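A quick write-up on the structure given underneath.
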Amino acid sequence: MPHIIIEHASNLPVPTTDLVTCVHQATERTNLFDNSTIKTRSQSFEHFKVQAGKSGFVHVQAHLIAGRSEEQKQLLSETILSALKTLLDSNWLLSVHPYDLIPEVYRKN
């Protein structure tokens, strides 16, 4: 845990592998997780609309087992957002949102 899901516009100006690596390494830098448990993946969207003057978007969802403090979630959000800003310019809409998974209903094998 966590599951880091990157949703992004298909017209990225960088290779998707660079985006995934950037976000994954930023998550590792927080020292909030056992690095061997971080799972990062991306999903591209060909059809999207964003505000005028913007090239596209990157939205990162961080699915976490409930129990992290607000400060820890803020650290994760800020670290990932800062990393995205080094990869993409201000023409891109960037956002990060941690979500708590409910441990009583979350299942995995």
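Is it the case that the range 48-57 has a residue that's within 15 Å of ALA83 (Cα to Cα) and either of a type in the set (Ser, Thr, Tyr) or surrounded by fewer than 18 Cβ atoms within 10 Å (Cβ to Cβ) (or both)? No, that holds for no residue. Screening SER82 on (1) in contact (Cβ under 8 Å) with a residue 40 or more places away in the chain; (2) surrounded by 14 or more Cβ atoms within 10 Å (Cβ to Cβ) shows it passes everything except condition (2).
Check whether at least one residue in the range 86-102 is at negative phi, at pLDDT below 95, in a loop (DSSP other than H, G, I, E, B) and surrounded by fewer than 11 Cβ atoms within 10 Å (Cβ to Cβ), and report yes or no. Yes.
Looking only at residues in the range 68-79 that are surrounded by 13 or more Cβ atoms within 10 Å (Cβ to Cβ) and of a type in the set (Ser, Thr, Tyr), the one that is nearest to HIS24 (Cα to Cα) is THR79.
Residues of the range 32-48 that are more than 26 Å from GLY67 (Cβ to Cβ) and not in a strand (DSSP E or B): GLU46, HIS47, PHE48. Mind listing whichever residues of the range 52-79 are in contact with a strand residue (DSSP E or B) (Cβ under 9 Å, 6 or more places away or on another chain), aliphatic (A, V, I, L, M) and free of Cβ contacts under 8 Å to residues at least 40 places away in the same chain? Selection gives ALA66 alone. If the condition is being among the β-branched types (Val, Ile, Thr), touching a Ser or Thr at 6+ places or on another chain (Cβ under 7 Å) and closer than 13 Å to LEU84 by Cβ, then the range 1-18 contributes ILE4, ILE6. Candidates are the residues of the range 1-18 that are polar (S, T, N, Q) and more than 22 Å from PHE33 (Cβ to Cβ); the one that is surrounded by the most Cβ atoms within 10 Å (Cβ to Cβ) is THR16.
The values are calculated or read from the model by the stated rules, or taken from the named source; none is laboratory data. Being a predicted model, the structure only gives us computed values, none of them experimental. No Cβ is skipped: glycine too gets one built from the backbone with ideal geometry, and neighbour counts run over all protein chains shown.
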